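Here is the structure we will look at, set down as structure tokens.
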Amino acid sequence: MDLVGASVFVMEEIAYVTPPAAGFRLTPQAPFAYVPVYASGPAAGFRLVPQAPLVYAWQQGPRAEFRLVPQVPTVTGSMYVEGPRASFRLTPQVPTVTGSPIDPDFASVSLLLHMDGTNGSTTFTDSGPSGLTLTSVGGAQISTALSKFGGASGLFDGVDARVDLPSPITYSGPYTIEGWVYNSTGFGFDGIASGRGVTNGVVLRTDPDGKLQFLNPSLAEYSSTTALSLSTWHHVALTRNSSNVMTFWIDGIARGTVSGQSGDHVWGTVGAGEYGGFAAEHWPGHIDDMRWTAVCRYTSNFTPPTAPFPDS
């Protein structure tokens with residue numbers, strides 16, 4: 001079992017370990033130090049296994065965490081174990097997370113689309129704090145044929161399919177647009193998300209080489225330094241930090257920056273790039289787990305998510 005919250009401290013050269021009610025194994029070192037070590041716990045059985053001599057290693061702090069191997073209880077009540085002239089090593093473990101994952105920036109999430117549901121459904125659910133009512137346009141639908149997470153994804157035909165927000169979202173400061181994309185038909189100017197052609201609308205798309213492109217409100221184009229691959233799920237993200245620097249991220253790696261991008265940036269649709277009165281450019285493939293957040297989530301290279309984005 002993982003023992004969380006055990007207290008470990010040193011006083012007058014004596015190390016104490018006080019666990020909760022449990023049976024566990026303490027692994028000592030070979031007789032080495034003239035420091036008594038005590039352990040106590042209700043209804044606990046202990047097994048001490050000699051180890052090679054090792055230097056002292058004390059763990060201190062109110063939230064130190066250790067993994068102790070359970071044993072069959074041998075007594076009821078308390079057991080007092082003394083290891084004279086022994087040095088014990090307790091190895092810290094990575095904290096074990098239980099329950100549902102938590103997003104510390106969830107309150108700043110503007111849109112969260114898991115793209116889950118019944119095959120062929122045109123219902124797209126916003127799982128973010130706002131619970132926006134979304135509209136499927138041009139046949140955008142849920143597909144169970146391919147997914148990154150959850151057994152389904154959004155399917156966009158590359159012609160006129162998109163998912164619209166009830167009203168555009170304006171970011172005046174830092175923000176992040178991210179999600180998983182999959183294209184098996186060939187790259188062009190293919191919109192992933194955009195402002196739907198409104199004033200100060202911006203666009204995240206690919207170019208014919210498969211590179212990510214950002215179009216700012218003045219329609220200036222900026223591209224990532226590397227390209228996506230066909231028939232591959234890629235995590236893509238676009239961030240703006242507090243210094244107004246935009247960064248392209250592909251699978252957790254920074255792939256180009258653009259400075260001087262201040263002012264309002266407006267977003268309003270998924271699966272299409274609409275801007276400045278020009279014809280919309282639609283995504284030809286699948287999109288999964290799309291999230292928009294009013295914070296800059298990434299400032300250095302990171303490991304892409306291995307599970308759906310948290311719902312709280």
Legend entry - Compactness of the stretch 158-222 as Cα Rg over 2.2 N^0.38 Å, two decimals: 1.15
Legend entry - Paramagnetic label zone (point 7 Å from Cα along Cα-to-C-beta, Ile253; backbone N under 13 Å) in the stretch 280-308: 301-304
Inset, instruction - Report the label-to-label distance for Val245 and Thr299 in nanometres (one decimal), using points 7 Å from each Cα along the Cα→Cβ vector. - result: 1.1
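So what is the relative contact order for the stretch 106-293, in percent, with contacts set as C-alpha pairs under 8 Å and at least six apart?
Values: 570 pairs, mean separation 55.4, N = 188.
Worked out over the stretch 106-293, it gives 29 percent.
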Legend entry - the stretch 106-293: equivalent-ellipsoid semi-axes (sqrt of 5 x gyration tensor eigenvalues, Cα, Å): 23, 18, 16
Legend entry - Label-point separation in nm, Thr306 to Thr118, each point 7 Å along Cα→Cβ: 3.5
Legend entry - Relative contact order of the stretch 226-312, pairs being alpha-carbon contacts under 8 Å that are 6 or more residues apart, as %: 24
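Please work out how much length the chain gains when fully extended from Leu219 to Ser231, using 0.36 nm per residue of separation minus the C-alpha to C-alpha distance, in nm with one decimal.
Details: separation 12, 0.36 × 12 = 4.32 nm, distance 2.91 nm.
My answer for the length gained is 1.4 nm.
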Legend entry - Cα-based Rg of the stretch 99-161 normalised by 2.2 N^0.38 Å, two decimals: 1.22
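Bear in mind these aren't lab numbers, they're just calculated from the coordinates by the rules spelled out. Quantities reported herein were computed from a predicted structural model and do not represent experimental measurements. Here Cβ is always computed from backbone atoms with ideal geometry, including for glycine, and neighbour counts include all displayed protein chains.
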